[in-house]
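Trainee: Questions regarding the structure given below will be posed in turn.
The values are calculated or read from the model by the stated rules, or taken from the named source; none is laboratory data. Model, not experiment: these values are computed from the prediction. Using ideal geometry, Cβ is built from the backbone for each residue, glycine included, and neighbour counts are taken over all protein chains shown.
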Amino acid sequence: MATLTPTEIGSGHEGNIRDQITAYGQRLKNGEMGALPAVIALLALVVLFASLSPFFLTTMNFANLFVQAAQLTVLASALVFVLLLAEIDLSAGVTAGVGMALFVVLHQMMGLNWIISIIAALALGSLVGWTIGIFVAKIGVPSFVVTLGLFLGFQGLMLVMLGDGGLFRLDVPELKAIMNSNMPVWGGWLMLAIMVVVSLGLGFYDRARRNKAGVANRPVALMLSRVALIAVLGGVAVAAMSVNRSVSVVPIDGVPIVIPIVIAILFIGTFVLDRTTFGRHLYAVGGNPEAARRAGIKVAKIRITAFIICSTLAVVSGILAASRIGAIESTAGRSIVLSGVAAAVVGGVSLFGGRGRLIHAAIGALVIAIIDNGLGLIGLPAGVNFLVTGAVLIAAATIDALSRKRSGGGVRV
Amino acid sequence: MDVPLIELSGVKKSFGPVDVLKGIDFKAYAGQVTALVGDNGAGKSTLIKGLSGVQPYDEGVVKFAGEEAHLHSPRHSGALGIEVVYQDLALCDNLDIVQNMFLGREEVTQGTLDEGSMEFQATKALQSLSVRTVKSVRQKVSSLSGGQRQTVAIARSVLRNAKLVILDEPTAALGVAQTEQVLNLVRRLADNGIGVIIISHNLADVFQVCDSINVLYLGRMVASLKTSETNQADVVGYITGTKTMEGVA
């Protein structure tokens with residue numbers, strides 16, 4: 001085993017839990033706040049709405065909330081990949097719409113198998129992403145303009161494909177089940193068990209690898225308490241969703257099917273961003289494209305891949321949307337993209353590129369879903385909803401800009 | 001003296017009708033710091049871009065460690081062990097020190113990034129340069145001072161097993177204390193057996209740290225001097241063209 005000679009140069013992994021907490025406080029001071037403001041906002045909103053509406057904390061509403069947030073989480077996660085490059089995809093919502101329109105044409109009009117039709121819709125998403133990527137990375141058109149053009153054009157394309165005012169009922173029970181049915185109760189617990197085992201496994205794997213390399217590890221208690229947090233929070237959530245939440249005679253219990261799907265997307269995406277060279281290069285290009293280029297990174301390829309991932313995941317969010325309302329409209333996806341961007345930014349993803357994680361998108365999506373859900377419950381008009389969401393977005397972007405200023409001009413020795 | 005690490009003879013480069021390098025002879029040795037000075041437009045950048053492979057020379061012979069070398073692209077130069085640290089340093093602010101030092105050559109085991117191994121090697125590289133100003137290799141580069149950034153950029157070339165490190169104006173943006181730090185670092189780099197070429201406008205720095213000084217004037221190498229055998233007034237004379245090699249010879 002290799003060892004390092006004792007030295008003043010550390011890695012931030014040394015020391016006991018107290019040192020680690022001090023170091024975390026230092027990072028917050030330096031403006032590396034991550035999702036913390038969004039988590040605080042989330043808790044504040046939960047307390048606020050719980051005190052204002054007796055229905056807010058019921059198990060029925062709790063399960064609904066997650067289902068409401070699911071579609072937005074996937075869309076916001078899609079956008080994170082391009083936001084990390086300081087790019088934007090305004091067409092993500094209508095790309096989802098066009099993907100689902102293709103599904104309608106292939107499956108419901110031409111009678112093709114629904115699985116093949118879904119794969120075709122996803123492939124169309126990838127093609128759209130590739131096209132945006134070529135325009136942005138190879139030709140040099142700003143992504144704002146390319147995707148604004150597609151945003152307008154695809155609204156027309158959907159009308160052409162589905163007809164004016166076209167509305168098609170989703171006739172695939174498997175797809176409708178995603179947002180409207182639940183797993184058996186044991187399925188929820190199995191999901192949680194898998195999450196805990198995978199977190200533990202990855203934690204110990206990382207420690208073993210760092211040990212082998214001869215560098216310091218954080219106290220094992222820190223990793224274990226992180227896993228314990230997942231187990232406790234997840235346990236509470238699964239327990240709440242495991243009791244009968246129906247108000248009628250037909251019982252409703254179990255974790256909604258969409259939840260493990262969203263968690264899997266978040267896990268795989270985070271894995272790619274944190275643990276692969278592609279992820280590392282994505283952050284590098286977002287931070288300093290010129291430095292990335294000089295380091296031998298193929299910047300254009302990274303950009304194009306990011307747009308492909310974004311548009312493909314956007315189609316996944318389109319599938320969830322269609323599943324939720326049980327239909328596909330010719331006007332689908334027009335307004336949701338801005339909520340997706342808002343969710344990502346509220347969660348702590350920087351619009352300046354290079355900073356942000358998928359979990360931020362999920363937390364931001366929950367914040368926006370809670371505002372929507374809570375204001376609806378206390379009976380405020382829809383106008384208030386938009387006003388509050390807008391205010392939260394501006395607050396989040398302000399925090400981002402300020403913390404960026406702080407970390408840019410931070411402690412210089 | 002032994003074989004030069006890099007030896008240029010009769011190197012020429014022109015852009016259209018403009019001859020920027022008019023037949024340059026130049027040598028730099030392993031374990032020594034070699035200065036390249038000259039006024040703006042003298043051809044310093046063009047000379048360096050030829051060595052880094054970004055803009056290959058039109059004519060002339062390049063020998064690396066005694067063997068003829070063809071520097072057609074940055075890849076060729078990199079393979080030989082020639083690393084350039086540009087003035088803007090090319091660091092990503094949003095990444096930490098380890099991530100920056102391994103950017104573009106990340107170590108992967110079992111399909112994923114091997115953070116432990118990279119962290120170990122980055123720490124070793126910084127230690128080999130006796131760096132004391134960096135507290136943690138997992139600090140974000142955005143939190144580093146100008147001198148620390150320069151340190152990271154130089155350590156990155158060490159990590160890549162550079163044999164020849166070319167520094168473009170390494171102290172231009174630094175204060176007094178940080179300049180001192182970086183110059184010490186440059187000296188240690190040479191003491192570790194690496195050949196160092198420094199481009200600088202600051203003659204005080206050059207005289208403090210360099211073993212020999214080469215002066216470019218309008219595309220010609222007008223003087224190649226040992227630092228111990230010359231003085232600032234002479235070098236200024238060569239840079240401004242008021243003095244020629246014959247004048248002192």
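Trainee: Does A:V141 count as out of contact with any strand residue (DSSP E or B) (no Cβ under 7 Å at 6 or more places or on another chain), part of a loop (DSSP other than H, G, I, E, B), assigned by TED's automatic domain parsing to the domain that holds A:A300 and at pLDDT 95 or above?
Mentor: yes
Trainee: Same structure again: Is at least one residue of the stretch B:50-69 at the interface with chain A (Cβ under 8 Å from one of its Cβ atoms) and surrounded by fewer than 19 Cβ atoms within 10 Å (Cβ to Cβ)? It would help to see each step written out before you state the result.
Mentor: First, the residues of the stretch B:50-69 that are at the interface with chain A (Cβ under 8 Å from one of its Cβ atoms): none.
Checked the stretch B:50-69: no residue is at the interface with chain A (Cβ under 8 Å from one of its Cβ atoms) and surrounded by fewer than 19 Cβ atoms within 10 Å (Cβ to Cβ).
Trainee: Among the residues of the stretch A:328-369, which ones are of a type in the set (K, R) and under 18 Å from A:L313 (Cβ atoms)? So that I can check it myself, show each step before the final result.
Mentor: The initial filter retains those residues of the stretch A:328-369 that are of a type in the set (K, R), namely A:334, A:355, A:357.
Scanning the stretch A:328-369 gives a single hit, A:R357.
Trainee: I've got another one for you. Answer yes or no: is there a residue in the stretch A:336-355 that is away from chain B (no Cβ under 14 Å) and within 30 Å of B:S52 (Cα to Cα). Before you say what the answer is, go through the steps one by one.
Mentor: Step one: of the stretch A:336-355, the residues away from chain B (no Cβ under 14 Å) are A:336-347.
Applying the additional criterion that residues be within 30 Å of B:S52 (Cα to Cα) yields none.
No, that holds for no residue.
Trainee: For B:D114, indicate whether it is within 19 Å of the chain's Cα centre (by Cα) and among the charged types (D, E, K, R).
Mentor: Details: within 19 Å of the chain's Cα centre (by Cα): no; among the charged types (D, E, K, R): yes.
Taking the combined requirement at face value, the residue does not satisfy it.
Trainee: Shifting gears a bit: For the stretch B:50-67, state whether one or more residues are of a type in the set (D, E) and in contact (Cβ under 8 Å) with a residue 24 or more places away in the chain.
Mentor: Within the stretch B:50-67, the subset of a type in the set (D, E) is B:58-59, B:67.
From what's left, in contact (Cβ under 8 Å) with a residue 24 or more places away in the chain: B:58-59.
For the stretch B:50-67, residues of a type in the set (D, E) and in contact (Cβ under 8 Å) with a residue 24 or more places away in the chain: present.
Trainee: I would also like to ask the following. How many of the residues making up the stretch B:101-134 are over 18 Å from B:V182 (Cβ atoms) and in a loop (DSSP other than H, G, I, E, B)? Spell out the reasoning first.
Mentor: Initial filter on the stretch B:101-134 (over 18 Å from B:V182 (Cβ atoms)): B:102-124.
Going one step further and asking which of them are in a loop (DSSP other than H, G, I, E, B), we end up with B:102-107, B:110-111, B:114.
Selection size over the stretch B:101-134: 9.
Trainee: Report whether or not B:S77 is crowded, with 16+ Cβ neighbours inside 10 Å and touching a Pro at 6+ places or on another chain (Cβ under 9 Å). Steps first, answer last, please.
Mentor: Values: crowded, with 16+ Cβ neighbours inside 10 Å: yes; touching a Pro at 6+ places or on another chain (Cβ under 9 Å): no.
The answer is no for B:S77.
Trainee: Would a scan of the stretch A:195-207 turn up a residue that is closer than 23 Å to B:E119 by Cβ, over 26 Å from the mean Cα position of the chain (by Cα) and among the charged types (D, E, K, R)?
Mentor: yes
Trainee: Please list, ordered by residue number, the strands (runs of 3 or more DSSP E) wholly in the stretch B:1-40 having 3 or more residues that are surrounded by 16 or more Cβ atoms within 10 Å (Cβ to Cβ) and either more than 15 Å from the chain's Cα centre (by Cα) or aromatic (F, W, Y) (or both). Steps first, please.
Mentor: Numbers: elements: B:6-15, B:18-28, B:33-38.
It comes to B:6-15, B:18-28.
Trainee: It is to be established whether one or more residues within the stretch A:179-186 are closer than 30 Å to A:S246 by Cβ and touching a Ser or Thr at 6+ places or on another chain (Cβ under 6 Å).
Mentor: yes
Trainee: Among the candidates A:V345, A:V349, which residue alone is buried (at least 23 other Cβ atoms within 10 Å of the Cβ), under 19 Å from A:L85 (Cα atoms) and out of contact with any Gly (no Cβ under 6 Å at 6 or more places or on another chain)? Can you show your working first?
Mentor: Working: A:V349 fails: out of contact with any Gly (no Cβ under 6 Å at 6 or more places or on another chain).
When all the criteria are applied, what remains is A:V345.
Trainee: Continuing with this model, one more query. Restricting to the stretch A:132-156, count the residues that are crowded, with 17+ Cβ neighbours inside 10 Å and touching a residue at least 12 places away in the same chain (Cβ under 8 Å).
Mentor: 11
Trainee: Looking only at the stretch B:104-157, which residues are farther than 22 Å from A:A292 by Cα and more than 8 Å from chain A (Cβ to nearest Cβ)?
Mentor: Hits for the stretch B:104-157 are B:Q110, B:S128, B:L129, B:S130.
Trainee: Say we look at the stretch A:181-195 and pick out the residues that are buried (at least 16 other Cβ atoms within 10 Å of the Cβ) and either polar (S, T, N, Q) or without any contact (Cβ under 8 Å) to a residue 60 or more places away in the chain (or both); which of these is nearest to A:I268 (Cα to Cα)?
Mentor: Ranking the candidates gives A:L192 first.
Trainee: On to the next question. Would you call A:G326 touching a Leu at 6+ places or on another chain (Cβ under 9 Å), of a type outside the set (A, V, I, L, M), at pLDDT 90 or above and over 30 Å from A:L162 (Cα atoms)?
Mentor: Numbers: touching a Leu at 6+ places or on another chain (Cβ under 9 Å): yes; of a type outside the set (A, V, I, L, M): yes; at pLDDT 90 or above: yes; over 30 Å from A:L162 (Cα atoms): no.
Criteria not met by A:G326.
Trainee: Output yes when any residue across the stretch A:272-279 is without any contact (Cβ under 8 Å) to a residue 24 or more places away in the chain and not in a helix (DSSP H, G or I), and no when none is.
Mentor: Within the stretch A:272-279, one or more residues are without any contact (Cβ under 8 Å) to a residue 24 or more places away in the chain and not in a helix (DSSP H, G or I).
Trainee: Further question: So A:T270 ticks every box in (1) farther than 18 Å from A:R355 by Cβ; (2) more than 9 Å from chain B (Cβ to nearest Cβ) but one. Which box is left unticked?
Mentor: The failed condition is (1).
Trainee: Go through A:G356, A:G379 for me and flag whichever is within 30 Å of A:V285 (Cβ to Cβ), in the same structural domain as A:A314 (by TED's automatic domain parsing) and outside any helix (DSSP H, G or I).
Mentor: On the way: A:G379 fails: within 30 Å of A:V285 (Cβ to Cβ).
That would be A:G356, the only listed residue that is within 30 Å of A:V285 (Cβ to Cβ), in the same structural domain as A:A314 (by TED's automatic domain parsing) and outside any helix (DSSP H, G or I).
Trainee: Follow-up. Tell me whether the stretch A:24-33 contains one or more residues that are aromatic (F, W, Y) and touching a strand residue (DSSP E or B) at 6+ places or on another chain (Cβ under 9 Å).
Mentor: Within the stretch A:24-33, not a single residue is aromatic (F, W, Y) and touching a strand residue (DSSP E or B) at 6+ places or on another chain (Cβ under 9 Å).
Trainee: I'd like to verify a number: residues in the stretch A:313-337 that are surrounded by fewer than 24 Cβ atoms within 10 Å (Cβ to Cβ) and either without any contact (Cβ under 8 Å) to a residue 24 or more places away in the chain or of a type in the set (V, I, T) (or both), how many?
Mentor: Here the count works out to 4.
Trainee: Can you name every one of the helices (runs of 4 or more DSSP H) wholly within the stretch B:135-249 that holds 1 or more residues which are aromatic (F, W, Y) and in contact (Cβ under 8 Å) with a residue 12 or more places away in the chain? Spell out the reasoning first.
Mentor: Details: elements: B:146-159, B:176-191, B:203-209, B:232-240, B:245-248.
Those helices (runs of 4 or more DSSP H) span B:203-209, B:232-240.
Trainee: Evaluate the stretch A:294-301: report whether one residue or more is under 21 Å from B:Y86 (Cβ atoms) and not in a loop (DSSP other than H, G, I, E, B).
Mentor: Of all residues in the stretch A:294-301, those under 21 Å from B:Y86 (Cβ atoms) come to A:294-299.
Retained after the next criterion (residues that are not in a loop (DSSP other than H, G, I, E, B)): A:294, A:299.
So far as the stretch A:294-301 goes, yes, one or more of its residues are under 21 Å from B:Y86 (Cβ atoms) and not in a loop (DSSP other than H, G, I, E, B).
Trainee: Do we have any residue at all in the stretch B:88-100 that's assigned to a loop (DSSP other than H, G, I, E, B), surrounded by fewer than 19 Cβ atoms within 10 Å (Cβ to Cβ), modelled with pLDDT under 90 and away from chain A (no Cβ under 12 Å)? Lay out the reasoning, then the answer.
Mentor: Of all residues in the stretch B:88-100, those assigned to a loop (DSSP other than H, G, I, E, B) come to B:88-95.
Of the ones still in play, those that are also surrounded by fewer than 19 Cβ atoms within 10 Å (Cβ to Cβ) are B:88.
Keeping just the survivors that are modelled with pLDDT under 90 gives B:88.
Next cut, away from chain A (no Cβ under 12 Å) only: none.
No, the stretch B:88-100 contains no residue that is assigned to a loop (DSSP other than H, G, I, E, B), surrounded by fewer than 19 Cβ atoms within 10 Å (Cβ to Cβ), modelled with pLDDT under 90 and away from chain A (no Cβ under 12 Å).
Trainee: Right, something else. Return the residues of the stretch A:221-266 that are part of a loop (DSSP other than H, G, I, E, B) and among the small types (G, A, S); say none if nothing qualifies. Explain how you work it out, then say what you get.
Mentor: The initial filter retains those residues of the stretch A:221-266 that are part of a loop (DSSP other than H, G, I, E, B), namely A:243-255, A:257.
Within the stretch A:221-266, A:S246, A:S248, A:G254 qualify.
Trainee: Working only within the stretch A:202-239, note down all residues that are farther than 24 Å from A:I21 by Cα and either surrounded by fewer than 17 Cβ atoms within 10 Å (Cβ to Cβ) or within 13 Å of chain B (Cβ to nearest Cβ) (or both).
Mentor: Within the stretch A:202-239, A:K212, A:A213, A:G235, A:V236, A:A239 meet the criteria.
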